[in-house]
Number of protein chains: 2
Amino acid sequence: MSPRRSDPRTRPALVDIAARLLAEEGPRALSTRRIAAEAGTSTMVVYTHFGAMSELVREMVREGFARLEAYLTRVEPTGDPVSDMALLGRAYRMNARANPHLYAVMFSGASPAGFSLSEADRQHGRYTLVHVVDCAARCFAAGRFRAGDAELVAHQMWIAVHGLVTLELGGYLIDPYDPASLFESQLVSLMVSAGDALDLASASVAASAERVDETFGADLGRSVVGDRRE
Amino acid sequence: MSPRRSDPRTRPALVDIAARLLAEEGPRALSTRRIAAEAGTSTMVVYTHFGAMSELVREMVREGFARLEAYLTRVEPTGDPVSDMALLGRAYRMNARANPHLYAVMFSGASPAGFSLSEADRQHGRYTLVHVVDCAARCFAAGRFRAGDAELVAHQMWIAVHGLVTLELGGYLIDPYDPASLFESQLVSLMVSAGDALDLASASVAASAERVDETFGADLGRSVVGDRRE
DNA sequence: TTTTAAACACAACAGCGTTATGGAATGTCT
DNA sequence: AGACATTCCATAACGCTGTTGTGTTTAAAA
């Protein structure tokens, strides 16, 4: 009395296909029939493995958080924790720019696709902040940040960078106030507002820029830069 | 050789119906058939008046920016421009909380519904910042903010408040770091980072809280508070 | 009044998520 | 080995979606 077992690789393969379709052709390409055709099977695979399309999307969102975390974990602690913090911000923005559609789905709240994140998923999203929290604590220990609540500082960093990134992906930041310029000034502002001295913060933010290539130089995800409009 | 003219009220009526459906029943309720049924006509009205569903959504987004502007224009200049600035931030957040689904569509970037904002629409969205820009200029004039670029200050305010609001609507800000607490501390941080003294900023932010009831007390939009998950 | 072009109703098409049905495959038990 | 149970998946269908023909009604201009 035992069943037939399916290939355990099909489930992640479907998520990969979905993520690739989302990145390459936008949200409209996310359909059971399209995914099944790409996988060479019928639409039923989605239901045997996920129960519903929304569940596949949720798994893809989890994959999105995993990619984000992959960026964040690349930031290794150095003697300059403020530089590390700035680099974490750069990592966050780089991940969003590398996976714009996926990032949009991750934080879309209630999307017309009819999927919604569970509380566990949101918890998972918040958990990604631990890297930032730890870094804030090291900024305290180094005397660079005003001693206080590391989680609070992490939240403030998250809010500011997330706000910039979402407006950037929405196409709202242009010309004299382009995302890149705003981001640089914002990083310094954040560090200063957390307690660092202006000259030290500027130097550390500049130092973090130097570390970008060596930190994120390698492959770091098959992420394809999908164009905003399909 | 002249055509039949339709009732000029039907077009805004359709937008109103769509906005109400979005607020009351979420994005899933936005369909031509549902809207037509609600209006007592056939689905063709959408195509005679808008050409496509996506165009109706875009018009609804414009309506969303109009509502946002209605909130912002309620903030009247006083002798304390920093308090005005904080109140503008509160207005922004109140509008988003009053029309959560509409706000999500406004900034969803590329939504699965297959609509995308035009550059003109984004320009319209950016134009909403003029109130904040003017207020920043008055903060300069009053010697409260470090003299500088008013548009830059406005962008930084926008980014920070938008970041908090989107994470709040996404359900990511909870318990000890709930949106309300974070928002209060963030307002002070923003003012200080713009150049205001800490004690003055705290006082002005507190003063802005006192002005909320009298400023936004009235009706201010038929906006219904739609629940996040349908 | 006749003409004419826009507005709308109705029906249809392709596509969507989902489900019912049935066959094929596989691990376990007799 | 053979029988069985149980899962996987293909096929077809249901109700829904946006969109588009087709044809009719309607109001304004000639």
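Kindly indicate whether any position in the stretch B:136-152 is closer than 18 Å to residue A:165 by Cα, crowded, with 22+ Cβ neighbours inside 10 Å, within 10 Å of chain A (Cβ to nearest Cβ) and not hydroxyl-bearing (Ser, Thr, Tyr).
Within the stretch B:136-152, none of the residues are closer than 18 Å to residue A:165 by Cα, crowded, with 22+ Cβ neighbours inside 10 Å, within 10 Å of chain A (Cβ to nearest Cβ) and not hydroxyl-bearing (Ser, Thr, Tyr).
Please count how many residues of the stretch B:7-23 are within 12 Å of DNA strand D (Cβ to nearest atom) and open to solvent by 70 Å² or more (accessible area, probe 1.4 Å).
Residues flagged as within 12 Å of DNA strand D (Cβ to nearest atom) and open to solvent by 70 Å² or more (accessible area, probe 1.4 Å) within the stretch B:7-23 amount to 1.
Of the residues that sit in the stretch A:119-134 and are more than 10 Å from chain B (Cβ to nearest Cβ) and touching a helix residue (DSSP H, G or I) at 6+ places or on another chain (Cβ under 9 Å), which one is most open to solvent (accessible area, probe 1.4 Å)?
So, considering only residues that are more than 10 Å from chain B (Cβ to nearest Cβ) and touching a helix residue (DSSP H, G or I) at 6+ places or on another chain (Cβ under 9 Å), the one most open to solvent (accessible area, probe 1.4 Å) is A:127.
Residues of the stretch B:159-183 being in a helix (DSSP H, G or I), aromatic (Phe, Trp, Tyr) and at the interface with chain A (Cβ under 7 Å from one of its Cβ atoms), which ones?
B:177
Any idea which of (1) open to solvent by 20 Å² or more (accessible area, probe 1.4 Å); (2) away from chain A (no Cβ under 11 Å); (3) of a type in the set (A, V, I, L, M) is the one residue B:86 doesn't satisfy?
The failed condition is (1).
In the stretch A:193-214, how many residues are crowded, with 20+ Cβ neighbours inside 10 Å and either within 24 Å of the chain's Cα centre (by Cα) or assigned to a helix (DSSP H, G or I) (or both)?
6
Restricting the search to the stretch A:148-170, which residues are of a type in the set (A, V, I, L, M, F, W, C) and under 20 Å from residue B:183 (Cα atoms)?
A:150, A:152, A:153, A:154, A:157, A:158, A:159, A:160, A:161, A:164, A:165, A:167
What's the number of the condition residue B:195 fails, among (1) in contact (Cβ under 8 Å) with a residue 40 or more places away in the chain; (2) facing another protein chain (nearest Cβ under 7 Å)?
(2) is the only condition that residue B:195 fails.
Go through A:18, A:37, A:52 for me and flag whichever is among the small types (Gly, Ala, Ser) and touching a residue at least 12 places away in the same chain (Cβ under 8 Å).
Unique residue meeting the criteria: A:18.
Is it the case that some residue within the stretch B:24-36 is buried (at least 23 other Cβ atoms within 10 Å of the Cβ) and of a type in the set (D, E, K, R)?
Checking the stretch B:24-36: not a single residue is buried (at least 23 other Cβ atoms within 10 Å of the Cβ) and of a type in the set (D, E, K, R).
Give me a count of the residues in the stretch A:38-56 that are within 11 Å of DNA strand C (Cβ to nearest atom) and closer than 19 Å to residue A:117 by Cα.
9
Yes/no per residue for (1) of a type in the set (D, E, K, R); (2) more than 10 Å from DNA strand C (Cβ to nearest atom):
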| site | (1), (2) |
| --- | --- |
| B:3 | no, no |
| B:6 | no, no |
| B:17 | no, yes |
| B:29 | no, yes |
| B:36 | no, no |
| B:64 | no, yes |
| B:76 | yes, yes |
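So which residues in the stretch A:41-66 are among the aliphatic types (A, V, I, L, M) and surrounded by fewer than 17 Cβ atoms within 10 Å (Cβ to Cβ), if there are any at all?
Result: A:44, A:52, A:66.
Need a quick list: helices (runs of 4 or more DSSP H) entirely within the stretch B:43-149 having at least 1 residues that are over 19 Å from residue B:22 (Cα atoms) and within 16 Å of DNA strand D (Cβ to nearest atom).
Of the helices (runs of 4 or more DSSP H) lying wholly inside the stretch B:43-149, those with at least 1 residues that are over 19 Å from residue B:22 (Cα atoms) and within 16 Å of DNA strand D (Cβ to nearest atom) span B:44-49.
For the stretch A:67-81, indicate whether the set of residues that are open to solvent by less than 10 Å² (accessible area, probe 1.4 Å) and farther than 30 Å from residue A:28 by Cα is non-empty.
Yes, the stretch A:67-81 contains at least one residue that is open to solvent by less than 10 Å² (accessible area, probe 1.4 Å) and farther than 30 Å from residue A:28 by Cα.
The values are calculated or read from the model by the stated rules, or taken from the named source; none is laboratory data. Keep in mind the model is a prediction, meaning the values are calculated, not measured. Neighbour counts run over all protein chains shown; Cβ positions are idealised from the backbone, glycine included. Only protein heavy atoms, including side chains, enter the accessible area calculation; ligands, DNA and RNA are left aside. Shrake-Rupley method; radii C 1.70, N 1.55, O 1.52, S 1.80 Å.
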